[in-house]
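What follows is a single structure, written as structure tokens, with notes after it.
Laboratory data are not the source of any read-out in this text; all were calculated from the coordinates shown. Everything quoted here is computed from the prediction, not taken from an experiment. Cβ coordinates were reconstructed from backbone atoms using ideal geometry, including for glycine residues, and neighbour counts include every protein chain displayed.
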Amino acid sequence: MRRNGFSLLELMMVLLIITVIVQISVPYIAASKMSSNEAVVEKILSNMSMASEQYSAENGIYPISGTQLAVYMEGQQYCGQVMAGFTINCTFGTGDTYFYEGIPVQYGQTGSRSFSIATGGAWGP
């Protein structure tokens, strides 16, 4: 006698194998997403610092607002915005300092660490 189709046991085994594969791969996918978010925010902060240094070279002082900085960032306003799962905070001095930081919106989901860069391009912890 010839059988057509699969038995319930065979289908259950296939589902079990697929479930195990998914459970193994999901943490790696999440870690990869966090890593890419962190790379994006590092690049944004670096570009903000370079734009601030360029502003200083041309004007003799550092920018004192996000609007002044945006002119050197192709009009893009990053201060106070959420980019790639990070909140970008900007602290401006009176023309002599700046401090930019990126903080994950949700630690462990959008990023696993914070980034900061200060006057002169000095990276913080």
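For the chain, the longest principal axis of the Cα atoms and the long axis of helix 8-59 meet at an angle of about 10 degrees.
When only the Cβ of Lys, Arg, Asp and Glu is charged (+1, +1, -1, -1), the dipole of the chain relative to its Cα centre reaches about 820 debye. For Gly111, the amide hydrogen comes within under 5 Å of the amide hydrogens of Gln106, counting only partners 5 or more places away or on other chains and with H modelled in the peptide plane. Out of region 26-125, which trypsin sites (Lys or Arg not before Pro) are coil in DSSP terms and have no more than 14 other C-beta atoms within 10 Å? Passing both the DSSP loop test and the Cβ count: Arg113. If the chain linking Ile21 and Asn4 were pulled fully straight, counting 0.36 nm for each residue of separation and taking away their Cα-Cα distance, it would gain 3.3 nm.
Between Met48, Tyr62, Gln23, the Cα set farthest toward the positive side of the dipole of the chain (charges on each charged residue's Cβ, about the Cα centre) is that of Gln23.
How would you classify the chain from its alpha-carbon gyration tensor, with a ≥ b ≥ c the square roots of the eigenvalues: rounded for a/c under 1.5, else prolate if a/b is greater than b/c, otherwise oblate? Prolate shape, in that a/c is at least 1.5 and a/b is the bigger ratio. Residues in region 70-87 carry Karplus couplings, in order, of 4, 4, 8, 10, 6, x, 7, 9, 9, 4, x, 9, 9, 10, 6, x, 10, 8 Hz; the curve used is 6.51 cos²θ - 1.76 cosθ + 1.60 with θ = phi - 60°, and Gly or Pro positions show x.
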